[in-house]
C-alpha cells in the first residue's frame, strides 16, 4: 500500500493467473457480467460503486 499525494492510497494486487483478454477486461464491473463459472457478476460492480461514492477509482491491468 502506497500513500499518493496525501489524498489517495494505492493498493496493488498481483496474481499468477492466466490473465484476462482485453474484450473481457473492458466489461469488468458491468452488472451480471462474470468471467468465473460460479460468479454472479455483482462483486466488482459493487466494488466500483463503493469506490465511486468515496471519490476513488479502480484501475485494472492484465496480460494474457
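Derivation of every value follows stated rules applied to the coordinates shown; laboratory data play no part. Keep in mind the model is a prediction, meaning the values are calculated, not measured.
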Using a 10 angstrom cutoff on alpha carbons, build the Gaussian network for the chain and name the most mobile of 29, 19, 41. 19
Overall Cα dimensions of the chain - principal axes, largest extent first, Å: 39, 26, 18
Using only Cα atoms, tell me the angle between helix 43-53 and the longest principal axis of the chain; keep it within 0 to 90° and round to the nearest 10. 30 degrees
